[in-house]
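J.: Attaching a single structure in structure tokens format; questions to follow.
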Amino acid sequence: MTDGARPATRPGRTPREVATHCPYCALQCGMTLREDDTGVSVLPRQFPTNRGGLCQKGWTSADLLDHPDRLTAPLLRDPVSGELRPATWDAALDRIATGLRAIGDSSGRDAVAVFGGGGLTNEKAYALGKFARVALRTRNIDYNGRFCMSSAAAAGLRAFGVDRGLPFPLADLGRADTLLLVGANPAETMPPLVRWLTEQRRGGGRLIVVDPRVTATARQADLHLQPLPGTDLAVANALLHIALTQGWVDQAYVTERTSGFDAVRRSVAAWWPARAEQLSGVPVADLEATARALGTGGRVIILTARGAEQHAKGVDTVTAYVNLALALGLPGREGSGYGCLTGQGNGQGGREHGQKADQLPGYRRIDDPAAREHVAGVWGVPADDLPGPGVPAYQLLDSLGTPDGPRALLVFGSNPVVSAPRAARIEGRLRDLDLLVVADLLLSETAALADVVLPTAQWAEEDGTMTNLEGRVLRRRALRPSPPGVRTDLAILADLAARMGDAATAAARFPTDPATVFAELRRASAGGVADYAGIDWARIDDTDGVFWPCPSEDGPDTPRLFTDRFGTPDGRARFHAVDHRPAAEEVCATYPLHFTTGRVLAQYQSGTQTRRVAALRRAAPEAFVELHPDLAARLGIDDGDPVRVTSRRGELHAPARLSSGIRPDTVFAPFHWPGAGRANSVTNDAVDPISGMPEFKICAVRVEKA
């Protein structure tokens, strides 16, 4: 692996600066990029989400712009040698178009699939969904955000009628009297957010963290609940049980603003604290202290994240915490509420404008006749020509190359060889395809399997918009053009559309200018749940971002949702009774330990980018397996020993890291590394029946010294 050093000085360059945002997580911290004779540097920028702060990933983000591993020419797989070799753009695009036409003609339109990413700009996410439905006319499109936000999104939609990660400004966190974080570790996943937690505690607020590990965030908490992985739903029901018995439920709010509470009241009656303690391991005293802080605090916020959501019952788990928030009268109240910490950079906007299998732009349902008519009118096609709903991400990936599944896949902004559950199986599915096309800026593990690899622009080389975890639409600005030989995703889609159909029509339907695409996105989203109609780039520039929904250029945006009504037909939030059920796979004599995954501070997602940054690689050079010292002693394992973690699906090999901050019945590994250290070789591919979210956070394993 190369070191990622910056290029030699280029004298005489006129310094240039541009205000933009970090390319990584959904906090979308503001930063300034400066280019001069020494290269590109990152400077602090005052912005509401981060107030000038950045994490190590943000400070080093420019290191990739001139990285020697950067792809600068298309690659084609040689049919004789099997190697990827540089090719011209015409040769690469012709190979793709010819292959797609042949597969579509022989096996039908749905034999071609598209897989997107939560890091794509709004413009690219919108164009990708349009390309799949109009140019390819396939129903088979989904994206890696299905592995991130789908359970919280589904729970939010069925409770509130709206899915927006934080339905209030981020600054509310700093003013909360009680803040409950469930399955969230922002100290490592989005460090600049911690300034709000610090502000909250300095103001006398109480921070409570629910996590099976003593994470960097949990160490800052006033109270840490350490449940067995997969039992968060039982904990939530017990908290509501206590709130009911103690009289902390806001009966007036429940009566005036919600429906369905009686069924929830009956269901949680069975979740007395001692029962929850027996199942989860969380002491009754801690459950009671948490319920008291939530029920008697003034401004109370409940936040969930991947630890609670990445389960085969993730939607029900989030729903249980939403039920708790509604019973306490929190959503829509100034300084209080329920929210979800979005993960990927455009995890919010990426799911609003057409990458999801069941959605059209504006968060419209693709099976809604009125939605189809509206979007088809913007796209200039008959509504009947739009395909119906596709299948969720894992189901799509697991069907690749099978007799009834897609024969070709186009991947933009994703690396499922590392990020998908049961990853060895998905890697095999990708190898079974007749045609795999990957657009990326680096040769990811997925790109290394492709028949065609297309080099794409980086975040500092193209304009566009992102929507952060608050629903704030932001402007990403280009510092400089892409290197010669590199094209933007919008240009790639336009080129492919021209080869797949009438070139003149394709040019009109698939513009390459992101401002033009955003103008069309506004029209397509108008009247939808995520309405961007009143947002333009100038307004974003003038106001540090605009919160959706914003239906009118002359009207206000919406930093705070639910103050008067919810997004349901009658304006009331919906309670849903949910009950705990076991994990899809329980421990046994052969696999006696629980396995869970997560992130580390210096790496991001599948690590394609961060593993190539020298400073980040020094901070987190390799995968590891975290074990409690008592467990390690029983297994004869010392700190640093090579260990093997085995599940019914595969193996993980990595050094042991002993920590008293993890439960003795649980082991942990980060998911940023490929190869032998790939955590997702082990994880379970059972999925939530509503959201399609795989069960990343718990499966049964055995551990032994390798």
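The values are calculated or read from the model by the stated rules, or taken from the named source; none is laboratory data. Note that the coordinates shown come from a computational prediction; the quantities given were computed from them, not determined experimentally. As a convention, Cβ positions derive from the backbone with ideal geometry for all residues, glycine included, and neighbour counts pool all protein chains shown. With ligands, DNA and RNA removed, areas are computed over all heavy atoms of the protein, side chains included. Shrake-Rupley method; radii C 1.70, N 1.55, O 1.52, S 1.80 Å.
J.: Could you compute the FRET efficiency for Arg480 and Asp541, with r as their C-beta to C-beta distance and R0 at 25 Å, rounded to 0.05?
T.: 0.80
J.: Taking Cα centroids, how far is region 622-656 from region 86-122 in Å?
T.: Value for the Cα centre distance between the two parts: 41 Å.
J.: Using alpha carbon coordinates only, what is the Rg to Rh ratio of region 397-481, with Rh defined as the Kirkwood radius?
T.: 1.08
J.: Let me ask another. Can you give the accessible area of Asp665 in Å² (nearest 10), computed on protein heavy atoms with a 1.4 Å probe?
T.: 50 Å²
J.: Here's a follow-up. What whole-number distance in Å separates the alpha-carbon centres of region 306-345 and region 230-256?
T.: So the separation of the two Cα centres works out to 13 Å.
J.: May I pose another question? Calculate, for Ala503 and Arg292, the FRET efficiency according to 1/(1 + (r/R0)^6) with r their C-beta to C-beta distance and R0 60 Å; round to the nearest 0.05.
T.: Step by step, r from the Cβ atoms, then E = 0.35.
J.: In addition: Does anyone have the angle between helix 314-327 and the longest principal axis of the chain? Alpha-carbon axes, 0 to 90°, nearest 10?
T.: Its long axis makes an angle of about 50 degrees.
J.: Please express the Cα-Cα pair-distance distribution P(r) of region 567-631 as a list of whole percents, one per 10 Å bin, running from 0 to the bin with the greatest distance.
T.: P(r) for region 567-631, in whole percents per bin: 14, 24, 21, 24, 15, 2.
J.: Further question: How long are the semi-axes of the equivalent ellipsoid of region 425-534, defined as square roots of 5 times the Cα gyration tensor eigenvalues? Whole Å, largest first.
T.: Equivalent-ellipsoid dimensions as semi-axes: 27, 18, 17 Å.
J.: How do Arg522, Arg487 rank by accessible surface area computed with a 1.4 Å probe, from largest to smallest?
T.: Most to least solvent-accessible, the answer reads Arg487, Arg522.
J.: Enter the mean projected area of the convex hull around the alpha-carbon atoms of region 218-279, in nm², rounded to one decimal.
T.: Projected area, direction-averaged: 5.5 nm².
J.: Which of Ala218, Thr558, Thr32 sits closest to the plus end of the dipole of the chain, meaning its Cα is farthest towards the positive end, when Lys and Arg get +1 and Asp and Glu get -1 on the C-beta?
T.: Among Ala218, Thr558, Thr32, the one farthest towards the positive end of the dipole of the chain is Ala218.
J.: Here's a follow-up. For region 130-141, in order, what is each residue's ³J(HN,Hα) by Karplus, 6.51 cos²θ - 1.76 cosθ + 1.60 with θ = phi - 60°, in whole Hz (x at glycine and Pro)?
T.: For region 130-141, the Karplus-derived couplings read 5, 4, 4, 7, 9, 7, 8, 6, 9, 8, 8, 9 Hz, x marking Gly and Pro.
J.: Report for the chain the percent antiparallel among DSSP-assigned beta bridges with both residues inside it, nearest 5.
T.: 50 percent
J.: While we're looking at this one, here's another question. Cα gyration tensor of region 206-318, axes a ≥ b ≥ c as square roots of the eigenvalues: rounded (a/c below 1.5), prolate (a/b > b/c) or oblate?
T.: prolate
J.: Hey, another quick one. What is region 615-679 by shape, rounded, prolate or oblate, if you read a ≥ b ≥ c off the alpha carbon gyration tensor as root eigenvalues and call it rounded for a/c under 1.5, prolate for a/b larger than b/c, and oblate otherwise?
T.: It is oblate, given that a/c is not under 1.5 and a/b is not larger than b/c.
J.: Kindly sort Arg617, Arg480 by accessible area of their heavy atoms, largest first, with the probe set to 1.4 Å.
T.: Heavy-atom accessible area, descending, gives Arg617, Arg480.
J.: Under a plain spin-label model, where a point goes 7 Å from the Cα along Cα-to-Cβ, how far apart in nm are Asp105 and Asp222?
T.: For Asp105 paired with Asp222, the spin-label model returns 7.0 nm.
J.: What is the gain in length, in nm to one decimal, between Glu373 and Thr402 on full extension, counting 0.36 nm per residue of separation less the C-alpha to C-alpha distance?
T.: Extra length from Glu373 to Thr402 when fully extended: 7.1 nm.
J.: Let me ask something else about it. When a/c reaches 1.5 or more, the comparison of a/b and b/c decides; with that in mind, is region 40-127 rounded, prolate or oblate per its Cα gyration tensor?
T.: Here region 40-127 falls in the oblate category.
J.: Shifting gears a bit: Normalised by the residues of region 9-122, what does the relative contact order come to in percent, with Cα pairs under 8 Å and at least six apart?
T.: So the answer I get is 15 percent.
J.: Taking 37 °C and 0.692 mPa s as the conditions, I'd like the Stokes-Einstein D for the chain in µm²/s, using the Kirkwood hydrodynamic radius from alpha carbon pairs.
T.: 128 µm²/s
J.: Is there a quick way to get the dipole size of region 37-108? I mean about its Cα centre, with the Cβ of Lys and Arg at +1 and of Asp and Glu at -1; what is the value in debye to the nearest 20?
T.: That gives a dipole near 360 debye.
J.: So, one more: May I ask for the distance between the Cα centers of region 550-613 and region 142-193, given as a whole number of Å?
T.: Their Cα centres are 6 Å away from one another.
J.: How far apart, in nanometres, would the label points at Thr88 and Asp665 be if each is projected 7 angstrom from Cα along the Cα-to-Cβ direction?
T.: With each label placed 7 Å out from Cα toward Cβ, I get 6.5 nm.
J.: Please compute the alpha carbon radius of gyration of region 461-522, then divide it by the globular-protein estimate 2.2 N^0.38 Å. Two decimals is fine.
T.: My calculation over the Cα atoms of region 461-522 gives 1.28.
J.: How many nm separate the modelled label positions at Leu635 and Ala383, each set 7 Å beyond the Cα in the direction of the Cβ?
T.: Calculated label separation equals 5.7 nm.
J.: Express the Stokes-Einstein translational diffusion coefficient of region 76-182 in µm² s⁻¹, to the nearest whole number, given a Kirkwood radius over alpha-carbon pairs, 20 °C and a viscosity of 1.002 mPa s.
T.: 120 µm²/s
J.: Then there's this: For the chain, compute the number of Lys pairs whose alpha carbons are separated by less than 22 Å, excluding pairs fewer than 8 positions apart on the same chain.
T.: Value for the chain: 4.
J.: Report the longest stretch of the chain that contains none of the GluC sites (Glu not before Pro) sitting in a DSSP loop with at most 14 other Cβ atoms within 10 Å.
T.: Free of exposed loop sites, the longest segment is 84-333.
J.: Given 10 °C and 1.306 mPa s, compute D for region 521-660 with the Stokes-Einstein relation, Rh being the Kirkwood radius over Cα pairs; round to the nearest whole µm²/s.
T.: Once the numbers are plugged in, D ends up at 76 µm²/s.
J.: Given only helices, namely DSSP H runs of n ≥ 4 each adding -39500 (n - 2.57), what is the per-residue ellipticity at 222 nm of the chain, to the nearest 500 deg cm²/dmol?
T.: -8000 deg cm²/dmol, from helical runs alone.
J.: Also, I was wondering about something else. Could you tell me how many degrees, from 0 to 90 and to the nearest 10, lie between the Cα long axis of helix 514-525 and the main elongation axis, the longest principal axis, of the Cα atoms of the chain?
T.: Its long axis makes an angle of about 50 degrees.
J.: Let me ask another. How big is the accessible area of Ser259 in square angstrom, nearest 10, if you roll a 1.4 angstrom probe over the protein chains?
T.: Only protein atoms counted, so the area is about 40 Å².
J.: If you don't mind, another one. Two decimals is fine: what is log10 I(q)/I(0) at q = 0.20, 0.22 Å⁻¹ for region 209-248, from a Debye sum with one equal scatterer on every Cα and no solvent?
T.: The calculated log intensity ratios at q = 0.20, 0.22 Å⁻¹ are -0.66, -0.74.
J.: Against the longest alpha carbon principal axis of the chain, how many degrees, from 0 to 90 and to the nearest 10, is the axis of helix 232-245 turned?
T.: Taking Cα atoms only, the helix is inclined about 40 degrees.
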